[in-house]
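One structure below.
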Amino acid sequence: MEFAAGDRWFTVPLDHGNPGRGFIDVYARILSSGRELPYLLYLNGGPGLPAPRPLGGEGWLRRALADYQVVLLDQRGTGRSAPVTRYSLAGVGNAREQAEYLGHFRADSIVRDAEVVRAALGGDKWSVLGQSFGGYCATTYLSIAPEGITEVFVTGGLPPVESTADDVYRVLYQTVVGKNTKHYERFPEDVELAREVVRRLRQQPELLPNGRPLTVAAFQSLGNLLGSSTGSTRLHYLLESAFDGSRLADAFLADVERELSWASGAPLYFLLHEASYAQGRQPTRWAAWRVRREFPEFEQDRPVMFTGEMIYPEVFDTDPALMPFRETAHLLAEREEWPELYDVERLRANRVPVAAAVYHDDMYVARELSLETARTIAGARPWLTAEYEHDGLRVSDGTVLDRLIQQVRRGEGPGRAG
């Protein structure tokens, strides 16, 4: 599908509650089929990842452009919107000043940026599509500025609105165990391959090509692949070529680096991942690492249990791309005061149509907690499906988005919410 693309820049306060602290510029790419259609704001996953750069063949985008002009917003700190890098953050000041600065890069600030963008585009209400973390932002939008929205579509991203980071990881670790079980049932030969890799790493530490030590925990984090539609197969292909004789193969180490070392382009993802769950007096204190101790299966190798979307403090000690942020990361983990992201009473009184795809086996967003949130948001229509993984919006050729649009347009009742 052909579309026209336009670049727009918007100046927003760093701190929307105190504009005197300075301003940053945020960027949006606006796509149109050439017709004057209402706007759809697309909020992508993350945190800390830029909006997708469309190539023209994306099924969900073709479906969206049939009814909307699509606004692809680079969330602050990503892409072309005041990107957070080791160089830009060093210019902010010391680690404490950096942590304070990054406190303004969560969903609440992203939503207030979006309201500035909406006003600059004419001020009419717009629709919002939130994928993964973008769904978290969309739920914050319903809490902060629902008057700016006509409808909300969420794919794999209804957040836990009253749960701590500890609560979230207790659920997610159980899901990850299930993903491991299914992987080994599909590829039973991987049981021994993964075990041999772990044995090798315990006997002889290895370095990835970028100099990062390949620790057992880093190897286990390859399990983050298991949450996508093709991830289990990709992990299997990695493991089947792991050895060159008795040594770990150079090609394997290079492939592992490619899977793990994208931090240089998205340090904000690692810095603010757990902070995405923090509200009020809720220091996260490396929740994923602490809660892991409640699941001893991740400490044994019969079989090796791969982990998921969990950020451990070790990465700031070992990944060269993240080591400059180490002190700042620890300060963020210990921060005791966070702005509220969700207004539960406002969500219970919601009047904005909301349709949400909740993926039954989602490894990144806890299904049970998503369904609780669907019951909290008045009028929300959840669609619980086992047909897709977390990347359903991207791989479904527009089917997932069309289903949600039709749910809202037809005023269908809620799907099965547990």
| request: Answer yes if at least one residue in segment 116-135 is touching an Asp or Glu at 6+ places or on another chain (Cβ under 6 Å), in the same structural domain as LEU371 (by TED's automatic domain parsing) and either within 25 Å of GLY280 (Cα to Cα) or of a type in the set (Lys, Arg) (or both), and no otherwise. | output: no
| query | Does any residue in segment 301-328 that is free of Cβ contacts under 8 Å to residues at least 12 places away in the same chain come within less than 7 Å, Cβ to Cβ, of a residue that is buried (at least 17 other Cβ atoms within 10 Å of the Cβ) six or more places away or on a different chain, and which pairs are these? | reply | MET323/PHE316; ARG326/PHE316
| Residues located in segment 176-223, provided they are in contact (Cβ under 8 Å) with a residue 40 or more places away in the chain, among the polar types (S, T, N, Q) and part of a helix (DSSP H, G or I) | ASN180, GLN220, SER221
| note | All-but-one check, ALA333 against (1) touching a residue at least 40 places away in the same chain (Cβ under 8 Å); (2) crowded, with 19+ Cβ neighbours inside 10 Å; (3) closer than 21 Å to VAL128 by Cβ, failing number (3)
| query | Any idea how many residues of segment 237-253 are in a helix (DSSP H, G or I) and either in contact with a helix residue (DSSP H, G or I) (Cβ under 6 Å, 6 or more places away or on another chain) or surrounded by fewer than 13 Cβ atoms within 10 Å (Cβ to Cβ) (or both)? | reply | 5
| Subset of segment 34-57 that is hydrophobic (A, V, I, L, M, F, W, C) and under 26 Å from the mean Cα position of the chain (by Cα) - its residue that is surrounded by the most Cβ atoms within 10 Å (Cβ to Cβ) | LEU43
| Quick one: would you say THR399 is at pLDDT 95 or above, surrounded by fewer than 19 Cβ atoms within 10 Å (Cβ to Cβ), assigned by TED's automatic domain parsing to the domain that holds ARG62 and closer than 16 Å to SER132 by Cβ? | no
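For (1) in contact with a His (Cβ under 7 Å, 6 or more places away or on another chain); (2) outside any loop (DSSP other than H, G, I, E, B); (3) not basic (Lys, Arg), each residue gets a yes or a no:
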{"residue": "SER276", "(1), (2), (3)": "no, yes, yes"}
{"residue": "GLN282", "(1), (2), (3)": "no, no, yes"}
{"residue": "PHE306", "(1), (2), (3)": "no, no, yes"}
{"residue": "TYR312", "(1), (2), (3)": "no, no, yes"}
{"residue": "PHE316", "(1), (2), (3)": "no, yes, yes"}
{"residue": "ARG326", "(1), (2), (3)": "no, yes, no"}
| Of all residues making up segment 150-175, the number that are over 16 Å from the mean Cα position of the chain (by Cα) and under 14 Å from HIS390 (Cα atoms) | 1
| task | Look at segment 161-176 and say how many of its residues are hydroxyl-bearing (Ser, Thr, Tyr) and within 13 Å of GLY308 (Cα to Cα). | result | 3
| field | Residues of segment 120-138 that turn out to be in contact with a helix residue (DSSP H, G or I) (Cβ under 9 Å, 6 or more places away or on another chain) and farther than 15 Å from LEU404 by Cβ, as a count | value | 7
| query | Quick check, is HIS360 buried (at least 21 other Cβ atoms within 10 Å of the Cβ) and modelled with pLDDT of 95 or more? | reply | no
| task | Return yes or no: is ALA366 assigned by TED's automatic domain parsing to the domain that holds LEU271 and either closer than 23 Å to GLU274 by Cα or small (Gly, Ala, Ser) (or both)? | result | no
| So, of the residues in segment 369-392 that are touching a Ser or Thr at 6+ places or on another chain (Cβ under 9 Å) and closer than 22 Å to HIS273 by Cβ, which turns out to be surrounded by the most Cβ atoms within 10 Å (Cβ to Cβ)? | THR373
| remark: LEU31 meets each of (1) modelled with pLDDT of 95 or more; (2) within 21 Å of the chain's Cα centre (by Cα) with one exception, condition (2)
| Applying the selection to segment 14-28, what residues are within 29 Å of GLU2 (Cβ to Cβ) and either more than 26 Å from the chain's Cα centre (by Cα) or polar (S, T, N, Q) (or both)? | none
| query | Within segment 230-259, can you find the residues that are under 17 Å from MET363 (Cβ atoms) and at pLDDT below 95? | reply | GLU259
| said: Among the listed residues ARG375, ARG394, ARG409, ARG403, identify the single one that is assigned to a helix (DSSP H, G or I) and without any contact (Cβ under 8 Å) to a residue 24 or more places away in the chain. | reply: ARG409
| request: Give me a count of the residues in segment 201-236 that are buried (at least 21 other Cβ atoms within 10 Å of the Cβ) and among the charged types (D, E, K, R). | output: 1
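The values are calculated or read from the model by the stated rules, or taken from the named source; none is laboratory data. Everything numeric in this text was worked out from a predicted model, so none of it was measured. Glycine also receives a Cβ, built like all others from the backbone with ideal geometry; neighbour counts cover every protein chain displayed.
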